[in-house]
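Quick notes on the structure that follows.
The values are calculated or read from the model by the stated rules, or taken from the named source; none is laboratory data. These numbers come from a predicted model, not from an experiment. Heads up, the Cβs are rebuilt from the backbone with ideal geometry, glycines too, and the neighbour counts pull from every protein chain shown. Just the protein is used for accessible areas: all its heavy atoms, side chains included, with ligands, DNA and RNA removed. Shrake-Rupley method; radii C 1.70, N 1.55, O 1.52, S 1.80 Å.
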Amino acid sequence: MEKFYDYYARCNANYNMYIKISIKHYLDAKLFYDYLCQEQSNFLSNNNWITESLVVSETFVAFAIESFFNDYIAICFGDEVFFKQYVMLSAIQKLQLISEKKFNKLISQDDEVYKTINKVFLLRDKYAHNKSSDIFTKFKEQNIFSIISLEDQRLEYSDKYIDDNIIIKKAFSYSKKHLLGDMNNALESLIALAKLSYYIDDNDDEI
């Protein structure tokens with residue numbers, strides 16, 4: 001029994017640590033974003049740091065959820081059963097397993113907890129399993145001159161002078177818009193943790 005509680009404490013510490021890392025990096029990114037919005041030139045030179053913090057936040061949310069699922073399934077069905085039958089399942093499959101085997105209910109793709117958990121891992125996979133074509137597309141999207149030529153056909157940058165203020169203004173507007181979308185995704189990932197907690201609490205009388 002002592003070994004079980006030691007194991008449980010270690011797992012519990014892991015996903016608590018992952019959650020703290022996720023929240024810290026999201027808050028750091030949010031505070032820095034709000035600060036940089038006041039300075040356009042500083043925003044353009046520091047926005048990559050915000051993106052990196054959001055990637056860390058979203059990735060560690062996925063770590064926390066997967067760690068919790070592994071721990072919860074092992075406790076409910078036993079370590080041996082978990083490692084023989086369930087260890088290789090995806091996070092969504094583990095959620096379905098818990099719902100069916102533990103709560104005696106099927107979970108559909110329309111359920112809120114299913115949709116939020118699924119989005120977390122789609123975001124995680126975007127960072128963990130990206131293709132070279134994804135990188136090329138992102139580079140084209142973030143290229144300042146591409147932005148200018150797409151948004152304002154009257155501006156030509158080949159062998160002609162472009163006002164630096166126009167470049168800064170357009171690049172700032174573009175970067176701010178896309179970073180705001182990234183921050184919303186990171187926040188939704190953190191909210192998924194809460195929705196998962198509520199789902200487990202509502203369905204497990206022994207929690």
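Inter-label distance, residue 38 to residue 52: 2.4 nm, where each label sits 7 Å from its Cα along the C-beta direction. Hey, with R₀ at 45 Å, roughly what FRET efficiency would residue 102 and residue 184 work out to, going by the Cβ-Cβ distance, to 0.05? The pair residue 102/residue 184 has a calculated efficiency of 0.90.
Taking all protein chains together and a 1.4 Å probe, the residues 32, 121 rank 32, 121 from largest to smallest accessible area. Whole-percent P(r), the range 26-128, all Cα pairs, 5 Å bins from 0: 2, 11, 18, 16, 14, 11, 8, 7, 6, 4, 2, 0. Note that the range 23-33 has calculated 3J(HN,Hα) couplings of 5, 4, 6, 5, 5, 4, 5, 5, 5, 5, 4 Hz, one per residue in order, obtained from phi through the Karplus relation 6.51 cos²θ - 1.76 cosθ + 1.60 (θ = phi - 60°); glycine and proline are x.
Set the Förster radius R0 to 25 Å, insert the Cβ-Cβ distance between residue 80 and residue 203 as r into 1/(1 + (r/R0)^6), and round the FRET efficiency to 0.05. Step by step, r from the Cβ atoms, then E = 0.55. Within the set 20/126; 30/119; 24/94; 20/115; 24/177; 30/101, which residue pairs have Cα atoms separated by over 30 Å? Where the Cα-Cα span goes over 30 Å, the pairs concerned are 30/101.
For the set 178, 25, the ranking by accessible area, highest first and with no ligand, DNA or RNA atoms included, is 178, 25 under a 1.4 Å probe. Think of a 1.4 Å ball rolled over the protein heavy atoms: the range 46-89 then has 46 Å² of accessible area per residue.
One decimal place: the segment residue 17-residue 45 gains 7.0 nm when fully extended, by the rule 0.36 nm per residue minus the C-alpha distance.
Of 106, 187, the order by accessible heavy-atom surface (1.4 Å probe, DNA, RNA and ligands excluded), from most exposed downward, is 106, 187.
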